[in-house]
Each structure stands twice: as structure tokens, then as C-alpha cells.
1. List the helices (runs of 4 or more DSSP H) inside the range 266-378, counting only whole elements, that have at least 1 residues being among the aromatic types (F, W, Y) and either surrounded by fewer than 16 Cβ atoms within 10 Å (Cβ to Cβ) or under 18 Å from the mean Cα position of the chain (by Cα) (or both).
2. I'd like to verify a number: residues in the range 12-53 that are touching a strand residue (DSSP E or B) at 6+ places or on another chain (Cβ under 9 Å) and surrounded by fewer than 17 Cβ atoms within 10 Å (Cβ to Cβ), how many?
3. Among the residues of the range 231-264, count how many are of a type in the set (S, T, N, Q), in contact (Cβ under 8 Å) with a residue 40 or more places away in the chain and part of a loop (DSSP other than H, G, I, E, B).
4. Can you tell me how many residues in the range 17-39 are in contact with a helix residue (DSSP H, G or I) (Cβ under 8 Å, 6 or more places away or on another chain) and within 23 Å of G221 (Cβ to Cβ)?
5. Could we say that Y442 is within 27 Å of the chain's Cα centre (by Cα) and either surrounded by fewer than 19 Cβ atoms within 10 Å (Cβ to Cβ) or free of Cβ contacts under 8 Å to residues at least 40 places away in the same chain (or both) here?
6. So, restricting to strands (runs of 3 or more DSSP E) that lie completely within the range 53-144, which ones have at least 2 residues that are closer than 18 Å to I8 by Cβ and not β-branched (V, I, T)?
7. When M491 is evaluated against the numbered criteria (1) touching a residue at least 60 places away in the same chain (Cβ under 8 Å); (2) farther than 30 Å from S338 by Cβ, which criterion, by number, is the only one it fails?
8. Any residue that is within 28 Å of the chain's Cα centre (by Cα), among the polar types (S, T, N, Q), modelled with pLDDT of 95 or more and within 21 Å of D223 (Cβ to Cβ) - is there at least one of those in the range 71-90?
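The values are calculated or read from the model by the stated rules, or taken from the named source; none is laboratory data. Nothing here was measured: the structure is a model prediction, and the numbers come from that model. In this analysis, Cβ positions are derived from the backbone assuming ideal geometry, glycine residues included, and neighbour counts consider all displayed protein chains.
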Amino acid sequence: MKIALAQIDPTVADFKGNTARILQNVREAERRGADLVIFPELCVCGYPTGDFVEKPSFVKLAGEAAAEIAREATAGKSIAVICGTLVPSPAGSGKRVSNAAVLMQKGEITFTQRKMLLPFYDVFDEQRYFAPADHQEVVKIGNELVALTICEDAWNDKGYWKQRLYKIDPVEEQVRQGATLILNISSSPFWQGKREQRAEMLAAAARHHKLPILMVNQTGGNDSLIFDGTSLALNARGEVIAQGRSFAEDLVMVDTAAGTGDIHRTAESDDAATYAALVMGTRDYVRKCGFKQVLIAVSGGVDSALVAAIAVDALGKENVIGVGMPSPYSSEGSIHDSRALASNLGIKYETIPIDGIFSQFTEALGPLFAGRAPDVTEENIQSRIRGMLLMALSNKLGALVLTTGNKSEMAVGYCTLYGDMVGALAVIGDLVKTRVYALSRYVNREREVIPRATLEKPPSAELRPGQLDTDSLPPYSVLDPLVEAYVERYMPMQAIADQQGLELPLVQKIVKLIEQSEYKRQQAAPVLKVTAKSFGTGRRFPIAVKVQV
């Protein structure tokens, strides 16, 4: 059988647009001689759906769109289509809908398989929304008995996982029913190392069951989540016979009889994959929210430089506006570096000095601050002036503000609420500072985009004379591994100290900063997720707690 893997970029609730995208891919697959074309999980309505599934109108529109796709794509034709969509749940299940894969043939939906394993960890919340399947069945398509699975249903192979999350394995149940081919439709989010893990897991399952596995994965960005695509087809020996591109829509042809298929290029290095993910996540966030242009506070530092480079690759230089807002403490070098970056990127660059505004603020507050020495208050005033100016420009120009804070700063609260944290999207909020430098060097791999001086000078917020980040924090080479261990892996403080050769009081100090900064993070812009544990919906902690150190 000739099967097309159609990895598409759907938008949540865009039934008209998603339907058109699906039908376009069906026509192209048919032109290439496909007998069957398969699409990602919940592609008809978009994923993740969130509380939209609680709206009867949303569920109704999903059903109508699926019926339209079946009719338009397969009526009077030999091609068959598999789509991910919502279907009403069985009576008495307690949930309104199920996450399902539907087989479309001869203008109708002829088979429905509900998802059995509903993930409820990290960013996944499917037990909140969906009723699980109580059994699995195989379905005859052409000459194949197909085990039709949905994302997590294929992620519980006992031969691969040392500790399984579920007692049952839907694939094993279907193989016992005589399946000759395993199909998996997925919306599997990206993070560093995920593509490799997914490929290894599917290869292990193929070898275990001695059956070919074809997996189609969603691509594109939806809010904080980024989906890489990288659809795969493996033979019964676990060898890759077809592969989709990473971070792009693609249509991949697979011939199951010949055991051959299209092999399309993917981002190979970790830096290349992470950068491509951030570019796509930024592009889709801005586009799907209905905007074209973005504003970035360009300070001469490495964080804003990297965000600007990502934005240009995502949206085009004509849609990126850099704004320099020098204060009395901004160095000439930083002002020069900001202009050089804008020139290298070819973006529009505007300058709004804040010296006079800052003086007016301090003068107005002078009587109330009398007798109190200058401190972080005056530093934060500068940051908040910049935030206010950015938001004024955003309102006037209809452009989204991209925040430039990194994960290290967000972790320890080295950022200002309503100041440098203002904006619609935290593009690099899941990159610790050392990763920011690594990706900046990746940006400069062919030519100098980010000025060399930006990469070489010591990091500084430049909010007081001679200020350096190391005045308040350990060097990032020390801080970042500590943040990763505590935030991403939940390691105990003593274990971190022992593993990294640090004094326990230093670890306790940083952990206290992390815990005390939760209130800031819960007011922050959405963070594009590129690590296994980012700040956002996948990491949920209360704000009002007694910090344990």
C-alpha cells in the first residue's frame, strides 16, 4: 500500500483553514498515487484544544468539518483518509468528547478509534478533557490489518521503558488481534532530545512486534508548544525507511510493500533544532494571533540580540522593529552594538532616550523617597519606563512586543515585573544564559550577525554605574547547571551541591530566589518550550508558600 504522511500545521478552532489544508494535502497525495493519507492527532480542530471541548458549538463544528472532509476528500474516489478529531464520548463516560482517529472512505467515516492512554503530566492535561477508549480494534485497509493508534497509545512499550506509566499497552492488544501494520497519528511536542527519543522508542516497538510502524506528527507552534513534525516510517527491523522534515509542513510518501519512502532532511545538531523551533514558534504565535509586526527592546546585550535574530528569520526584517532606550547608565558600547545589530539584520531601529523621563520620575517621587538611599527601586523605574514605552508603541503600531528575558533570569527573579517582562511572548524564556550564548554563536556561523562585542563583554543590566550580573548572581557557568538541576530535574539541594561541587549555602540561596520568584513567573508572557521542563503549564507550583532551604 502507498501511504502519505501529511504533517500539517493546524490552528486551534480554525475549522475552515484546517479543512482546506487537509483537503489540499489529500489532493496532492492522490496525485502522487497514494492509497491512504494520514494526518496528525486532532488536526481537524487543532491541538491542544484546552477548554474549547467544553463548548457544544466547538464539538459540533468539529463533527461538521470531519464530515465535510470525508465527503470532499473520498466520495467517488479510491483514496482513504485518516484524520484526528473529536467525537462524542460514549454514554456514561462523564466526559463530553473523546480524542479519536477516524477512517474516511467513499465519502463517509467508516471507522473510529478512540485514544486509550490519556497523558496527564508536564504540559499534557488530557484526562481533564477526554473519555478514554475501553478497547482497541484493528481495521482492514486495503490488504493490511491496521492497528490505528493515537500518540500516547504507542508510548508504553514494555521493551523500551524501564518504568511504564500505564498498565496496558494498546499496541500489544491490537497486535494480538492480527495487526500487520501499525499507524500512529501524533501531536507530540518538541523539546531538546525528544526527536531522538521518539525515533528510538518507535524503533524498539517495531522490533518488538516485528511490524512496520508509520507515525505522522503535527508541526507548527500553538501558544507555548512547538511541534517538530519529523514524521517517521520504520520497517519491521526498526530501520527508518521514510522521514519528514523538522519544523515545516511536509508530505512524505511510503510504499509499505517495497519498504521504501521519502527521506527528507531534518535539523541535525541540537543548536540547529532549537533555533529552528524558536523561529517556527515565534512565527506561528505572531501569525495565529493575527499580527505581522513585532517590537524588541534592543539593549546591546546578547539576549535581545538573539531574540531579534530569531524574529527576523521568523517574520522577515521588514516586520521587526528594534527600539533602543538608553538611560544615564547605558554605555556607549551598548548603544553602538544595538545600532550594529540593527544594521546587520536590516531592521528598522528607533531610539528613545529615557534620561529625561527618568529624571521626572525621580523628581516626582523625591518627597516620598526623602531620607532613603537609592536602591533597586530606581533600577526598576528605568526598566518600567522602557516597558511603558514599548507598550505605547505596541498599541499605536499594532505590533506585538517580544520579551527578551532568559530562563536563568526568570528562575531567580532577575527581571522586573511590568518592565523588561512586558510583552506577548517570551521567545528565549526556556534557554539558560549559557544556551543563549551557544545559539548566538550558531546565528553567527556564516557571518557576523550579532556583534562580536556583544558576545564578549560581561553581561550587565546597566541600571546603575558599573553594574554587572555577577554583582547579584554567581557566574552563569555556575548558575545555569544549578537552575537546570533544580528546575528541570527537581534534584534535592544537597544532591546538587555534591554533584556540582558547590557549597550548600550557595545552592540554598539560589533555590530560595527561585521559589520566591514564582509570583513573577505566573505573570510572565508565555514561554516557548524547548526543554523537558519549561516555566509554564508543565511546571505548576503555588505562589504563597514557606520556602524550604
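1. Working: elements: 270-288, 302-315, 332-345, 355-369.
Ranges flagged: 270-288, 355-369.
2. 3
3. Quick first cut of the range 231-264, residues of a type in the set (S, T, N, Q) only: 231, 235, 243, 246, 256, 260.
Narrowing further to those that are in contact (Cβ under 8 Å) with a residue 40 or more places away in the chain: 231, 246, 256.
Next cut, part of a loop (DSSP other than H, G, I, E, B) only: 231, 256.
Residues in the range 231-264 being of a type in the set (S, T, N, Q), in contact (Cβ under 8 Å) with a residue 40 or more places away in the chain and part of a loop (DSSP other than H, G, I, E, B): 2 in total.
4. 5
5. On the way: within 27 Å of the chain's Cα centre (by Cα): yes; either surrounded by fewer than 19 Cβ atoms within 10 Å (Cβ to Cβ) or free of Cβ contacts under 8 Å to residues at least 40 places away in the same chain (or both): yes.
Answer is yes for this residue.
6. Numbers: elements: 80-88, 97-105, 108-114, 138-141.
Output list reads 80-88, 97-105.
7. (1)
8. Of all residues in the range 71-90, those within 28 Å of the chain's Cα centre (by Cα) come to 81-87.
Right, trim to among the polar types (S, T, N, Q) and you get 85.
Pick out the ones that are also modelled with pLDDT of 95 or more and you get 85.
Subset that is within 21 Å of D223 (Cβ to Cβ): 85.
Yes, that holds for at least one residue.
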